[in-house]
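What follows is one structure encoded as structure tokens, with my remarks underneath.
The values are calculated or read from the model by the stated rules, or taken from the named source; none is laboratory data. Just so we're clear, the structure is a prediction, and the values are computed from it rather than from any experiment. Positions of Cβ are generated from backbone atoms using ideal geometry, with glycine treated the same way; all protein chains shown enter the neighbour counts.
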Amino acid sequence: EKDGHDWFMRKEIFEQPRAVADSLLGRHARNGLLQLDEMRLSDQELRDIDKIIIIACGTSFYAGLVAKYAIEHWTRVPVEVELASEFRYRDPILDYSTLVVAISQSGETADTLQAIRHARLQRSKVLAICNTNGSTIPRESDAVIYTHAGPEIGVASTKGFLTQLVACYLLALYLAQVKGTRYGDEISEIMHQLEAVPDQIASVLSRSDEVYELARSHVGTRSVLFLGRHAGYPVALEGALKLKELAYIHAEGFAAGELKHGPIALVEEGLPVLCVVPPRGRDQLHEKMISGIQEVRARGARTICLAEEGDTSIEPYADHLIRLPKVPVLLQPLVAVVPLQLFACELATAMGHDVDQPRNLAKSVTVE
Ligand code: M6R
């Protein structure tokens, strides 16, 4: 049942190329247009949307943070991302032109369910991104985009997360198509880039031994920091969450630009810092990330950098380098999170923990 793997989690990590491919299947029509069969909201309803609020918990919340970058960039619709457990207590401003997007792998998370009930009472439309057919959250939503990850059994979300990202990109591109904020050619080009991702994930997985060795050398580590920028920032948060839940190690993710505003005080000799390096581009993200890496290294941190192939400028500052396939910055989370999942899974295994059922956690959290 685990396909020869020791844990469901590891099996599910290795299923990701397939899960991503399945979640893209049938979405890109021959005429180049995107189609979302279960969308159920009319084009007019979508055109009327002037604000999106994404609500979710845990890993699904991090998928929402990535979605914000993509939706705002491609559609120019403002997006807020909110923890489901906080949402209704702040008296959120909602009306019929607000689309609430609930992201939930299980479709049963109580915090998320209560949040969408609140949104619907305020007349907002609710769209669910969910992996579980017929579960409560999609049943109580106006529309749904199902992810096709297949059952996720490990408590730690892996393929659930990647397929949520795919659904978020599809939603963003579909909205851009309907609202006319992006041309068809551009949408098709991004779809082609997405369609190349399963093979790119497979290439990351083919080098898992290298990550495993690195992970095993971290047994005994008490604290790990994760840094990212832009869409790499939620990846840093997700890498830290994986390490907390599986290895019970103190781990924190930061936006690299925030370092100097406080967190850099944590850096001491030998502290491992995992850095998600953005692809080189026209913006200054890459350079700024490198300067953040230099700063922590100058203070004794051991830097483990995830950077795209061919990026030689990172070499002098990386104590350890993990190569990522070349993808645009908005899609980079799909490949960058994979080594972080492998790292947490292997380190927890080496520490003797139950990776599939970490202490104190349940797969779906059905109490508020
Ligand atoms: O089923 P959901 O996506 O609603 O679950 C949300 C979180 O409980 C979940 O992502 C949790 O954080 C995972 N254990 C993360 O690995």
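Values computed for the structure shown
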item	result
Scan of segment 349-367 for residues that are within 12 Å of the ligand (Cβ to nearest atom) and in contact (Cβ under 8 Å) with a residue 60 or more places away in the chain, ordered by number	Val355, Asp356, Gln357, Pro358, Leu361, Ala362, Lys363, Ser364, Val365, Thr366, Val367
Filter result for Arg182 (in a helix (DSSP H, G or I) and more than 11 Å from the ligand (Cβ to nearest atom))	no
Conditions (1) within 16 Å of the ligand (Cβ to nearest atom); (2) farther than 18 Å from Gln332 by Cβ; number of the one not met by Pro263	(1)
Of residues in segment 97-141 being among the small types (Gly, Ala, Ser) and outside any loop (DSSP other than H, G, I, E, B), the one farthest from the ligand (Cβ to nearest atom)	Ala119
Filter pass, Val277 being more than 16 Å from the ligand (Cβ to nearest atom), buried (at least 21 other Cβ atoms within 10 Å of the Cβ) and among the β-branched types (Val, Ile, Thr)	yes
Sole exception among (1) under 29 Å from Gly239 (Cβ atoms); (2) touching a strand residue (DSSP E or B) at 6+ places or on another chain (Cβ under 8 Å); (3) assigned to a helix (DSSP H, G or I); (4) small (Gly, Ala, Ser) for Ala70, by number	(2)
Condition met for Val224 (aliphatic (A, V, I, L, M), under 21 Å from the mean Cα position of the chain (by Cα), modelled with pLDDT of 95 or more and away from the ligand (no atom under 16 Å from the Cβ))	yes
Answer from Tyr248, Tyr233, Tyr212 - the residue that is aromatic (Phe, Trp, Tyr), modelled with pLDDT of 95 or more and buried (at least 22 other Cβ atoms within 10 Å of the Cβ)	Tyr233
Residues (within 14 Å of the ligand (Cβ to nearest atom), buried (at least 24 other Cβ atoms within 10 Å of the Cβ) and over 11 Å from the mean Cα position of the chain (by Cα)) located in segment 50-75	Ile54, Ile55, Ala56
